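First the structure, in the form of structure tokens, and then the observations on it.
The values are calculated or read from the model by the stated rules, or taken from the named source; none is laboratory data. Just so it is clear, the structure is predicted and the values come from calculations on it, not from any experiment. With ideal geometry, Cβ positions are generated from the backbone for all residues, glycine too; neighbour counts draw on all protein chains shown. Keep in mind that these areas ignore ligands, DNA and RNA; they rest on the heavy atoms of the full protein, side chains included. Shrake-Rupley method; radii C 1.70, N 1.55, O 1.52, S 1.80 Å.
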Amino acid sequence: MRWLWPFLLLSALGQGWEVGVHGLGPAPTLFLRLSGEVGEGPRVSYALAPYLREGEGGVSLERLYLAVGEGEWGLLLGRFPLTLGEGRLLPYTWNTLGPAGGEEGVWGGALTWYGPLRLRLGYAWERGGFVEAAWPEVRVWWEKEGGGMAGSVRLGEVVAYGEGRFRGTSPSALVGASLALGEGMVTLEGTYPWGGALGVVWPLEGLRLAGTLGYGAGWGASLALEGERFWVRVGRVAGMWAWGLAIRGEF
């Protein structure tokens, strides 16, 4: 795999990079995230992030997959993200948080049929086989140890959404609603096991300001300011203050 790094680094520098620092507590992590795509028919998509923390480092491979499409069929092979979940505010990702602060996908493959519905059959080494069927507003999935259903519906100016999951004997659920207020948005979510969050997004001149206040295993709050070329975030996660900043660009 080492022969691949120089090629990906050179290609990513021409498409997009992000350099920054983030951390929980007093030991920050320095990172350089590089991402891009190669090819126009069959294509290779990738995101990798070399990082350094307390004198030790490595490379977080967040995604690296080959995507091939022909008519109503699509194939993914490699390390790709799982996108199940409807939550906007509370943790909903099925991916792993990497040491560089990004989400690392799963190794495996997935075959997708784009017909009257989207039907995906896949296998991930970390989770086993999975099946996903999706309509415009409803999605169901099944995997070795569980499954679930998720959906959303527009009710005037409000978008309501929810999901229910089970894995083994541990059920979970989430319901939420987002309301557009002019150019901004307010979102409210509740979960089982019990938790809740309130989030506000408001555009500024060329910027995006987002704030979240939530309660689950413990209270948490975050504030983010994002522009086209940078982002800054600060918040309290798992009882510790987390912060980060990054600059984006391309050559």
Original post:
When only C-alpha pairs under 8 Å and at least 6 residues apart count, what is the relative contact order of the chain, in percent?
Top reply: 13
Original post:
So between residue 52 and residue 93, what do we pick up on full extension, going 0.36 nm a residue minus the alpha carbon distance?
Top reply: 12.3 nm
**OP:** Please work out which option in (i) 22.1, 74; (ii) 19.4, 53; (iii) 23.0, 86 gives Rg and Dmax of the Cα atoms in Å calculated from these coordinates, and answer with its label.
**Re:** (ii)
Original post:
Expressed in nm to one decimal, what extension gain is obtained for the pair residue 209 and residue 154 from 0.36 nm per residue of sequence separation less their Cα-Cα distance?
Top reply: 17.4 nm
Original post:
Between the DSSP loop rule and a limit of at most 15 other Cβ atoms within 10 Å, which trypsin sites (Lys or Arg not before Pro) in segment 151-229 are left?
Top reply: 229
**OP:** Express in nm, to one decimal, how much length is gained between residue 66 and residue 200 on full extension, taking 0.36 nm for each residue of separation and deducting their alpha carbon distance.
**Re:** 44.6 nm
Original post:
When the dipole is taken about the Cα centre of segment 194-250, and only Lys, Arg (+1) and Asp, Glu (-1) are charged at their Cβ, what size is it in debye, to the nearest 20?
Top reply: 160
Subject >> Among 106-118, 78-90, the order from most to least packed when residues are scored by Cβ within 10 Å on average >> reply: 78-90, 106-118
**OP:** Scan segment 16-63 for GluC sites (Glu not before Pro) in coil per DSSP, keeping those whose Cβ has at most 15 other Cβ atoms within 10 Å, and list them by number.
**Re:** 40, 54
**OP:** With no solvent and one equal point scatterer per Cα, compute the Debye intensity ratio I(q)/I(0) for segment 194-250 at 0.21, 0.24, 0.29 Å⁻¹ and report its log10, rounded to two decimals.
**Re:** -0.81, -0.94, -1.12
**OP:** Check each of the GluC sites (Glu not before Pro) in segment 166-251 and keep only those in coil by DSSP with at most 15 other C-beta atoms within 10 angstrom; list them in order.
**Re:** 183, 205, 228, 250
Original post:
Where only protein heavy atoms count, and the probe is 1.4 Å, what is the accessible area per residue for segment 29-145 in Å²?
Top reply: 54
**OP:** Compute the Cα gyration tensor for segment 82-144, then decide on rounded, prolate or oblate, letting a ≥ b ≥ c be the square roots of its eigenvalues: rounded whenever a/c is under 1.5, prolate when a/b is larger than b/c in the other cases, and oblate in all that remain.
**Re:** oblate
Original post:
Considering only protein heavy atoms, what per residue accessible area in square angstrom results for segment 194-250 with a 1.4 angstrom probe?
Top reply: 66
